[in-house]
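Student: Let me begin by handing over the structure; questions about it come next.
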Amino acid sequence: MILFIIVTVLILASVGICLYCFHTCFYASNRKKQDPYCKLHGQQFLEVQEQIYASTRRMEQIPFEAVTIRSFDGLTLYGRYYHMKDGAPVKIIFHGYRSMALRDCAGGFALSRKLGMNVLAVDQRAHGNSGGHVITFGVMERRDCLSWIRYINGRFGNHTPIILSGLSMGAATVIMAAALPLPANVKCILADSPYSAPDEIIWQVCKDRHFPVKLVYPFIRFAARVFAGFNLEQYSATAAASVSPVPILLLHGDDDRFVPCEMSHHIHEMSNGCTKLVTFMDAGHGLSYIVEPERYEQTVLTFLKQFFPVDEGILSSNSSAN
């Protein structure tokens, strides 16, 4: 009888830990509207908080078209479409973990306007105005990426050049999407501060928070499989880059204290030659554009010129576009 009680308590405790891991890592309630101006955390972000808010305000003030699509598994996904000019390339931007388009996409949006691109900034599943309650670290989101590509092609035709772009989890998402059968008009990928794999970033965060990783990770993996419905270890940005036919520009700050810069190095080293890696000295997570704006812009411009014409003087002449 005592043994039965002990076993029951252990089972219930294990289930409780798994549920806690699910709610902490993967669940998003979406009960209240996210605030793009909520207080940032961490010294690196606090130092540039006003610049981030200013970019968000500029993006928020520009007229856009709200668009929705249906995901492969029946969720309503939401995006903000900004039209610059007919026939221009379309840049689809994906934000990071527990963030939203208005926060993480603002920098990429400003640069895209300078370059004369049309922009679709999407709220990922379980974020912002999109449906769903489970975050899958790019595993399901990579298929949402393909759904948004199909939306653009259905609306503008499959001869319109498409650039996939993402920050943090969004960057990992677009790289993982590169292993899918993408249409030929997806010309390239811009990945800012991507993690190499869902399981690897969870290991990293557990280590950073001084959790006993070998003890905690099995519960997180089990929670992902049973409660969130996906396999943490099934897909990775590293594996996708090793087979990607789409050129990928990796951008990463070498002082990233959340997603180590080494993860982009690993993606680059394991790729099939499709990647180019550029790092930014003293830049924190997703802050490379803020720390070195001119070099960042020139890096992106040089990369994009390989795929479609871009005016050499467009960055200086359109400096007010952001």
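The values are calculated or read from the model by the stated rules, or taken from the named source; none is laboratory data. Not measured: the values here are computed from a predicted model. Note that we place each Cβ from the backbone using ideal geometry, even for glycine, and neighbour counts take in every protein chain shown. Surface areas here come from the heavy atoms of the whole protein model, side chains and all, with no ligands, DNA or RNA. Shrake-Rupley method; radii C 1.70, N 1.55, O 1.52, S 1.80 Å.
Student: Checking S14 against (1) outside any loop (DSSP other than H, G, I, E, B); (2) in contact with a Lys or Arg (Cβ under 9 Å, 6 or more places away or on another chain); (3) farther than 25 Å from T173 by Cα, which test does it fail?
Tutor: Among (1) outside any loop (DSSP other than H, G, I, E, B); (2) in contact with a Lys or Arg (Cβ under 9 Å, 6 or more places away or on another chain); (3) farther than 25 Å from T173 by Cα, S14 violates only (2).
Student: Can I ask one more? Please work out if G157 is small (G, A, S) and more than 15 Å from N30 (Cβ to Cβ).
Tutor: Yes; evaluated as a whole, the condition is true for this residue.
Student: Would you pick out the residues in the stretch 133-152 that are open to solvent by 10 Å² or more (accessible area, probe 1.4 Å) and in contact with a Ser or Thr (Cβ under 7 Å, 6 or more places away or on another chain)?
Tutor: If the condition is that a residue be open to solvent by 10 Å² or more (accessible area, probe 1.4 Å) and in contact with a Ser or Thr (Cβ under 7 Å, 6 or more places away or on another chain), then H133, R142, S147 are the ones that fit.
Student: Of all residues in the stretch 203-236, which are touching a residue at least 60 places away in the same chain (Cβ under 8 Å), surrounded by 14 or more Cβ atoms within 10 Å (Cβ to Cβ) and in a loop (DSSP other than H, G, I, E, B)?
Tutor: Answer for the stretch 203-236, where residues must be touching a residue at least 60 places away in the same chain (Cβ under 8 Å), surrounded by 14 or more Cβ atoms within 10 Å (Cβ to Cβ) and in a loop (DSSP other than H, G, I, E, B): F230, N231, L232, Y235, S236.
Student: Here is a check on your reading of the model: is A184 open to solvent by 50 Å² or more (accessible area, probe 1.4 Å) and either without any contact (Cβ under 8 Å) to a residue 40 or more places away in the chain or hydroxyl-bearing (S, T, Y) (or both)?
Tutor: Judged against the criteria, A184 is a match.
Student: Here's another thing I want to ask about it. Does L102 fit the bill of being under 23 Å from A177 (Cα atoms) and part of a helix (DSSP H, G or I)?
Tutor: yes
Residue by residue, here is whether (1) at pLDDT below 95; (2) surrounded by 17 or more Cβ atoms within 10 Å (Cβ to Cβ); (3) touching a Lys or Arg at 6+ places or on another chain (Cβ under 8 Å) holds:
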position	(1), (2), (3)
S29	yes, no, no
E65	no, no, yes
G79	no, yes, no
Y82	no, yes, yes
I92	no, yes, no
V119	no, yes, yes
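Student: How many residues are under 20 Å from the mean Cα position of the chain (by Cα), assigned to a helix (DSSP H, G or I) and among the acidic types (D, E) if we restrict to the stretch 30-79?
Tutor: The qualifying residues number 1.
Student: While we're looking at this one, here's another question. Which of the following residues is open to solvent by 20 Å² or more (accessible area, probe 1.4 Å), at pLDDT below 95, over 15 Å from the mean Cα position of the chain (by Cα) and not basic (K, R): D311, D282?
Tutor: When all the criteria are applied, what remains is D311.
Student: Suppose we filter the stretch 99-118 for residues that are touching a strand residue (DSSP E or B) at 6+ places or on another chain (Cβ under 8 Å), farther than 19 Å from Y53 by Cβ and among the small types (G, A, S); how many remain?
Tutor: 1
Student: If you scan the stretch 259-282, which residues turn out to be more than 15 Å from I175 (Cβ to Cβ) and out of contact with any Leu (no Cβ under 9 Å at 6 or more places or on another chain)?
Tutor: P260, C261, E262, M281, D282
Student: Please go through the stretch 248-265 and pick out each residue that is part of a loop (DSSP other than H, G, I, E, B), open to solvent by 10 Å² or more (accessible area, probe 1.4 Å) and touching a residue at least 60 places away in the same chain (Cβ under 8 Å).
Tutor: The answer is D255, D256, R257, F258.
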